[in-house]
Amino acid sequence: MTTQQTFKEAILNKRMLICIFTGFTSGLPLFILYQLVPGWLRSEGVSLVEIGLFSLIGIPYVWKFIWSPLMDRYSFPMLGRRRSWMFATQILLLFSIAGFGFIDPTINIWSVAYLAAAVAFFSASQDIVLDAYRRELLQEHELGLGNSIHVQAYRLSGLVPGSLAFILADHISWQSVFLIVAAFMLIGILLTLCIKESKSEHLAPKTLHDAVVLPFRDFISRKGFKSALQILIFLFLYKLGDSMATALQTPFFIDLGFTKTEIGVVAKTASLIAMTIGLAVGGIVMIKLSINKALWLFGFVQIISILGFAALAEIGHNTYALAFAMGFEYLGVGLGTAAFTAFIARTTNPAFAATQFALFTALTALPRTFANATTGLIVEQIGWTSFYFLCTFLAIPGMLMLFKVAPWSEKVPFETKNKTEELI
């Protein structure tokens, strides 16, 4: 088989199409919580203080590895281990998202909070099983492109609650808006009913104890304690500088004198286009190179792109500079995310995909939480330009960890089969 044939087969197959749908149905609930619900609450007159407390609904995304062993061990009678959990979480999301439309937030704000917490829990649970299914579905050489497509569709799903919903809200009631947005979960439900259970040579853990213990024992036995610790440190550090740099984007633009229209039209359009290109190119490049090389190349792009914000801080109010800075930054985000997600998938053993993937992705969410808690104070102390130089500096340790976890020239074999058999 020629290289060209292999390349075409990696792109044009059913598995890549499935990754589009898993990405869309995974991202939709998250953007509903972080874009649509706050906008709805504010339009109904809820105070910013109360809306700000809704940031706590992100907790399930950080702690999802706690209940992920249950989804590795157990399943419902029909549809199989992965698809049964997919179907259950998607049905729960469909009805809980629609439920927002039947609540008056000015009277029952706590009801909104409880429902938002439920949506976050169901969404995080859906992510657990979708990540596991995708890990079992994709072949080794497809991890880069498949995860890139998944993340791209994940981001694009934000156009439904972040754009379409607000346009509709000017013409119809919020109840109808939430019913329409919730109906987009039918895409995921139809996907679950149409696809087959992923073929895996690994059986479900025999006991709940095995489901909890074996994923961690497997990870350490495959990598060794020192290497496993290095990987966990890398997962925390690789996106740290980038997460901090993007934490206060909108306040930064406002401080520079940009209007809301300029921010919405210029910044968001440039970022969406660049991110889409970055994710698509990143996945395709990883077919030709390797995940290790992609982490190096795209990591450097990610670091350099942060400096675009430092340049914008010095230039000031300039729409062309804004478009360039945002486009370049999100190009770095797209490229870095494509490689980073593929690395996580490769590190995960398909036998324990749900628990290990949940643990790794939860760890990568910690920098975002850290950034949101500290960046405002840092900017007040040192100013915007110095802050972005600091973010650039904080991105370097993650790159240095690549010498240990993903050397440029090393070929990483996939050795989970024998190790898993030894454990079980």
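The values are calculated or read from the model by the stated rules, or taken from the named source; none is laboratory data. This one's a predicted model, so the numbers in the text were calculated from it and none came from an experiment. With ideal geometry, Cβ positions are generated from the backbone for all residues, glycine too; neighbour counts draw on all protein chains shown. When the accessible area is computed, the model is the full protein with side chains, heavy atoms only, and any ligands, DNA or RNA have been set aside. Shrake-Rupley method; radii C 1.70, N 1.55, O 1.52, S 1.80 Å.
Rolling a 1.4 Å probe over the protein heavy atoms of the range 120-211, with every protein chain left in place, gives an accessible area that is 65 percent carbon and sulfur.
Element breakdown for the range 340-409 at a 1.4 angstrom probe: carbon and sulfur atoms account for 69% of the accessible area. When the range 27-180 is described by a simple charge dipole with +1 on each Lys and Arg Cβ and -1 on each Asp and Glu Cβ, the residue from Ala98, Phe166, Ser75 located farthest towards its positive end is Ser75.
With the highest mean first, a sort of the peptides 171-180, 318-327 on other beta-carbon atoms found within 10 angstrom per residue produces 318-327, 171-180.
Take the range 105-235 with all the other protein chains still there, run a 1.4 Å probe, and you get 45 Å² of accessible area per residue.
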